[in-house]
Amino acid sequence: MEVLSPQRENRLFMLLSMLKRLPVRLETIADEIDNENLSNAFLAIADETTQYAKELQVQLKSLNFGMSTGPGNYLEDEIIENGSLDFSREKGKEVMCICESCDRFFSQLYAELFDDFLENDSLVNMMNYQLLGIKSALMRIKFLNTLRFINYEL
């Protein structure tokens, strides 16, 4: 079993923790949104995120990476709350800020992990696929959020 440096382990644990815990927050947001398409998009990214967590766990296990179970953190709450705090009272801005906050967080964390695991093609390829999936889902949510207010103005 390959023992990971504390910095690598912390990054992987943070990613795994986010991928496991974020779906609950996304499902809560989906329940609060009055637009069915947008709500379904939040539920879809919640499902994708759950799947990504499972994939990452399996991949790490297959590569014999030893990770201790680190302390639980509530980073997903912080990301969602920071996204919520940054918005003005403009229509749909809260959803946009949450998406942008999540996008920044995942982009930065995955980029750091890509640098850490460049020598492991299978892990990097899987994480790259996950990052593209997350970014695509967030882009879809932003688009649907924009459409919901265009429909009201017509």
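Summary of values
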read-out: Helices (runs of 4 or more DSSP H) within the stretch 1-86 that include 2 or more residues hydrophobic (A, V, I, L, M, F, W, C), within 19 Å of the chain's Cα centre (by Cα) and at pLDDT 90 or above; value: 6-32, 36-62
read-out: Lone unmet requirement of (1) among the hydrophobic types (A, V, I, L, M, F, W, C); (2) under 19 Å from residue 58 (Cα atoms); (3) modelled with pLDDT of 90 or more for residue 117; value: (3)
read-out: The stretch 118-143, residues that are in a loop (DSSP other than H, G, I, E, B) and touching a residue at least 40 places away in the same chain (Cβ under 8 Å); value: 120
read-out: Output for the stretch 10-40, where each listed residue is surrounded by fewer than 17 Cβ atoms within 10 Å (Cβ to Cβ) and farther than 22 Å from residue 92 by Cβ; value: 10, 24
read-out: Residue 103 being at pLDDT 90 or above, touching a helix residue (DSSP H, G or I) at 6+ places or on another chain (Cβ under 6 Å), among the acidic types (Asp, Glu) and surrounded by 15 or more Cβ atoms within 10 Å (Cβ to Cβ); value: yes
read-out: Which numbered condition residue 127 fails, given (1) on the phi < 0 side of the Ramachandran plot; (2) touching a Ser or Thr at 6+ places or on another chain (Cβ under 9 Å); value: (2)
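The values are calculated or read from the model by the stated rules, or taken from the named source; none is laboratory data. Keep in mind it's a predicted model, so treat the numbers as computed, not measured. Cβ atoms come from the backbone with ideal geometry, glycine included; neighbour counts cover every protein chain shown.
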